[in-house]
Amino acid sequence: MTFTMRFWLRRLILCCSLALAMLGFVVGLASAQTLQDIISRGEMKIGYIPAPPGTIKDANTGELSGFYVDGIREIAAMMKVKPVFVETTWGTFVAGLQSGQFDMAIAGTFATVQRAMVVSFTKPIFYLGYGAVVRVNDTRYKTLDDMNTPETRIAVVQGGSAEDFARRNMPKAQVITLATGNLTAGFVEVVAGRADVSLEDAFTINAFVAKQPTVKNLFADNAYNFTPIAWTVRRGNTDLLAVLNTGIDILISTGRWDELARPFGPNTRHIDAPNFVSFPRLR
């Protein structure tokens, strides 16, 4: 290689290095400016998924209610910005965060290690246990291990943490995945006889079985797999995350979070209202 060729090769390498460094700087700057963008716009775009009682959407008016909605409205008021709600789904809300469709999501999400690899979680807003829906006259199941059989059909919502739990802990069972955002869809499959078991969070199960006498929550008195429920932001958006965590701390420490949640807690034996320790409450 001649001296001239070596000279221009070094120049090319130097230019490429500078370009990559500048790209990294711009990406980092864009991430750091996300909170400033929210302040400049005077509004915060909030992804939500209709999932009572945290987020309730009126079918006729489209009006939103629920303690997730009320909680983030109070935090937005502390930030002195307008909350703008953007509807999403369980299957697309991560992509919505990553693409900037909204700044954060109040989809009450089980915070798991796998999910933390693609989004950043806020502090837990409470801890939620799981249950299992079975028909009231079905005596085959007393433990989770009893469900790990080839003849057991377990219905779960596709992409949900219940699906992940079933596949990891019941590898021998037939896992039926349902492509829907309706967390009660698996329960309907059990009621209809198309599934033997459906796994989901204890709150959603208890609210369903209270109105449907043909099924029961097998673990109504002993919820399992208590996991933190949290909101999410795009990974790397540390400034916004810090603000949201501060707001959550204020709501929880002042008791305001329980005040917001209490009106939405069904009046059943096992559920009072959500709180930041556990839900259903441990007794």
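Coordinate-derived values only; no laboratory data. This is a predicted model, so every value here is computed, not measured. Here the Cβ is made from the backbone with ideal geometry for all residues, glycine too, and neighbour counts use every protein chain on show.
Observations, loosely collected:
- Here Glu189, Glu74, Glu259, Glu151 are placed in order of increasing Cβ neighbour count within 10 Å, fewest first, which gives Glu151, Glu259, Glu74, Glu189.
- One chain, two ends: Thr92 and Asp138. Fully extended at 0.36 nm per residue, the span grows by 13.0 nm beyond their Cα-Cα distance.
- When only the Cβ of Lys, Arg, Asp and Glu is charged (+1, +1, -1, -1), the dipole of region 108-166 relative to its Cα centre reaches about 180 debye.
- The trypsin sites (Lys or Arg not before Pro) of region 152-261 that meet both conditions, a loop assignment by DSSP and at most 11 other Cβ atoms within 10 Å of the site Cβ, are Lys172, Lys211.
- Here region 140-198 and region 78-115 have alpha carbon centers that stand 26 Å from each other.
- Net charge of Cβ neighbours under 14 Å - reference Ser198; Lys, Arg +1; Asp, Glu -1: -2
- Stokes-Einstein diffusion for region 128-225 at 10 °C, viscosity 1.306 mPa s, with a Kirkwood radius from C-alpha pairs, works out to 124 µm²/s.
- Residue by residue, region 114-126 carries 3J(HN,Hα) couplings of 4, 6, 5, 7, 10, 9, 9, 8, 6, 4, x, 8, 5 Hz when phi is fed to the Karplus relation 6.51 cos²θ - 1.76 cosθ + 1.60 (θ = phi - 60°); x denotes Gly or Pro.
- Between Glu43 and Lys82, the built amide H atoms are under 5 Å apart, and every one of these is 5 or more places off in sequence or on another chain.
- Among the listed pairs Lys172/Lys216; Lys123/Lys211; Lys123/Lys216; Lys45/Lys80; Lys57/Lys142, those beyond 25 Å (Cα-Cα): Lys123/Lys211; Lys123/Lys216; Lys57/Lys142
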